[in-house]
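The values are calculated or read from the model by the stated rules, or taken from the named source; none is laboratory data. Computed from a prediction, not measured in an experiment: that's the story for all the values here. Virtual Cβ from ideal backbone geometry, glycine too; neighbours counted across all protein chains shown.
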Amino acid sequence: MPRLLIAASGTGGHLFPALAVAEALPDDWTVRWLGVPDRLEKELVPARYGLFVIRVGGVQAHGLKRIWQLFKLLLSTWRVCRLLRQQKIDIIFTTGGYIAAPAILAATLCGLPVVIHESNAIPGRVTRLMGRLCNCVAIGLPQASHYLPNCKLLLSGMPVRSSFLSPQPLPDWVPPGSGPLLVVMGGSQGAKGLNQMVSEALPLWLDWGCRVVHLTGEQDSFCEVLDHPNLVVQTFSDEIPALLQNADLAISRAGASALSELAVCGTPAILVPYPYSKDKHQDANALAAGELGAAVIIHEHGSRENTLVNEVSRLLTNRLYSSYGSFDPLIPMKTAMKKLAIRHADEKIVTLLKSFI
């Protein structure tokens, strides 16, 4: 009976792919989870898997602070080594981020196989520094391979929950009607700039006859919400597969998790990359979709600009006014988005994990 430790923490972009892999494992596998205190894993993991937490952070500081951070990393690594022995772990899987560093170092010290999944087009700092210590780096986008020399690579795609792979009915709380359905996703933590852009455009879209579902994220709920029968504003929804499968158009950040979900569902999108993401990895993710014609890329802007309004108008005009013309730009975008998808990534990673047991 293989025993697996999953090291995944923080945002949905790290947690949901790891959960998808865990759900795809054979029944005889035992899963333990490594996370940090007071993050999303505290809500999602304990009901299904044994959760162990450690305190860990980055090592970007300088001087004495950097020495202290390195000491904490070594201490975290020692604690993970102890956990690996106590739980009799056979293999480690991680999805990157700060939690991956002590997990990879501990696996190396204990002589255990470790696999890391890198979801972004530009790999994260830990993946770039420690990928060569791993038995394999599974990548979600082919562009990531350019940044990982001397690493054993597998183009696996990005794992998504199984519900994304089968048709889902539209939730009954979505506004009914024949108007185009516009789904806005601010990410699990929120996206203040994107949400502000959308809130300023909402009255116009509703006047056009659009139905809008706006998922703001936990930290960016609005103080003022329009009262309109064609608008639903929520901080979060666990019915993303149904929303994206039935949406005419999505507006989203360009995190790897969101991009993979859009791709699997074949949902045309306007992508607004987070402007402060490390290494501009969201810009690179968006470009991967934009180059295929699957998405339009818009950069975050203030209220005086109307780029977002203009692009939504251009993409939805055919569906808002059927007599306007015969060409519907969303149809080729949908086809292109499906080409971006690599389906059954979770099964590919499970097969990879089995190969090291």
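Might you let me know whether region 228-243 holds any residue that is of a type in the set (A, V, I, L, M, F, W, C) and free of Cβ contacts under 8 Å to residues at least 24 places away in the same chain? Scanning region 228-243 turns up at least one residue that is of a type in the set (A, V, I, L, M, F, W, C) and free of Cβ contacts under 8 Å to residues at least 24 places away in the same chain. For the residues VAL233, VAL213, the requirement of being in contact with a strand residue (DSSP E or B) (Cβ under 9 Å, 6 or more places away or on another chain), assigned to a strand (DSSP E or B), modelled with pLDDT under 95 and in the same structural domain as PRO180 (by TED's automatic domain parsing) singles out VAL233. Among residues of region 18-40 being under 25 Å from ALA121 (Cβ atoms) and touching a Gly at 6+ places or on another chain (Cβ under 8 Å), the one that is surrounded by the most Cβ atoms within 10 Å (Cβ to Cβ) is LEU40. Right, ILE104: modelled with pLDDT of 95 or more and under 30 Å from LEU287 (Cβ atoms) or not? It is true that ILE104 is modelled with pLDDT of 95 or more and under 30 Å from LEU287 (Cβ atoms). If the condition is being β-branched (Val, Ile, Thr), under 17 Å from the mean Cα position of the chain (by Cα) and buried (at least 24 other Cβ atoms within 10 Å of the Cβ), then region 110-129 contributes ILE116, THR127. Scanning region 152-169 for residues that are assigned to a loop (DSSP other than H, G, I, E, B), within 20 Å of GLU118 (Cα to Cα) and of a type in the set (S, T, N, Q) returns a single hit, SER156. Checked against (1) out of contact with any Leu (no Cβ under 8 Å at 6 or more places or on another chain); (2) in the same structural domain as VAL350 (by TED's automatic domain parsing), LEU194 meets all criteria but (2). Would a scan of region 169-191 turn up a residue that is modelled with pLDDT of 95 or more, more than 22 Å from the chain's Cα centre (by Cα), in the same structural domain as ILE92 (by TED's automatic domain parsing) and surrounded by fewer than 18 Cβ atoms within 10 Å (Cβ to Cβ)? Scanning region 169-191 turns up no residue that is modelled with pLDDT of 95 or more, more than 22 Å from the chain's Cα centre (by Cα), in the same structural domain as ILE92 (by TED's automatic domain parsing) and surrounded by fewer than 18 Cβ atoms within 10 Å (Cβ to Cβ).
For region 286-302, the criterion of being without any contact (Cβ under 8 Å) to a residue 40 or more places away in the chain, assigned to a helix (DSSP H, G or I) and surrounded by 20 or more Cβ atoms within 10 Å (Cβ to Cβ) is met by at least one residue.
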